[in-house]
1. Would you mind finding the one in LEU93, LEU22 that is loosely packed, with under 12 Cβ neighbours inside 10 Å, at pLDDT below 85 and either more than 18 Å from ARG144 (Cα to Cα) or among the charged types (D, E, K, R) (or both)?
2. Kindly state which helices (runs of 4 or more DSSP H) lie completely within the stretch 21-135 and contain at least 1 residues that are more than 20 Å from GLY153 (Cα to Cα) and under 12 Å from the mean Cα position of the chain (by Cα).
3. For the list (1) within 16 Å of MET106 (Cβ to Cβ); (2) modelled with pLDDT of 80 or more, I need the number of the one condition that ALA13 fails.
4. Return the total of residues in the stretch 58-83 being of a type in the set (S, T, N, Q) and closer than 27 Å to VAL42 by Cα.
5. Of all residues in the stretch 105-127, count the ones that are in contact (Cβ under 8 Å) with a residue 24 or more places away in the chain and either out of contact with any helix residue (DSSP H, G or I) (no Cβ under 9 Å at 6 or more places or on another chain) or farther than 19 Å from TRP85 by Cα (or both).
Amino acid sequence: MTGLSKSGTERAAKREADRALLQRRWVEIERPRLKRAVLAEVERRVLTSFMNDTRWRELREAVETLPFPPVFQRQDVLGPREPLWACDQMSCLGDWSHEGLEPFFMIEWIRVVPKLWAEQGRLLPMKQVGDCTVELREVLDRLRLPYREDARGFWIYGYAQADPSTLTEAPERAP
């Protein structure tokens, strides 16, 4: 080995120091900047906040009590307006982890699809193997979270222009 090569311990320490620096930059600079941009957009669009970090965390923890973690589609305040997924027959699980939902302050709404499907083969139609609609509704009611339910799933609002229970315009058509 030459005097220029680093040991595994030194490389690991360098990676950890770099990670800590990136984390500090996120906490001190990028996150506050992003939060200011979200709040400016919320104000520009005259949206009202219906959720906070505590309520999102409670929802994330409550989902762990469901038979399976349902898939969800997320719309961020600053994100591009994406079309709704055609997920009436989804064969995947939702990522309700820390990485899947945070930062909470960016979430305009999520649509939760409480059904799980499995493929039976290429020529056979998909088969429904799970439905946690009743359990999810009970969780949302118990936590007293604002939501709207329709044939496409449960809509949970972080921000909206009115009381979510009275919304008539579908989120995919929102400005």
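1. LEU22 is the lone residue from the list that is loosely packed, with under 12 Cβ neighbours inside 10 Å, at pLDDT below 85 and either more than 18 Å from ARG144 (Cα to Cα) or among the charged types (D, E, K, R) (or both).
2. Answer list for the stretch 21-135: 53-63, 98-101.
3. (1)
4. Residues meeting the conditions: 2.
5. 8
The values are calculated or read from the model by the stated rules, or taken from the named source; none is laboratory data. What you see is a predicted model; the values in this text were computed from it and never measured. When we count neighbours, we look across all protein chains shown, and the Cβ atoms used for this are built from the backbone with ideal geometry, even at glycine.
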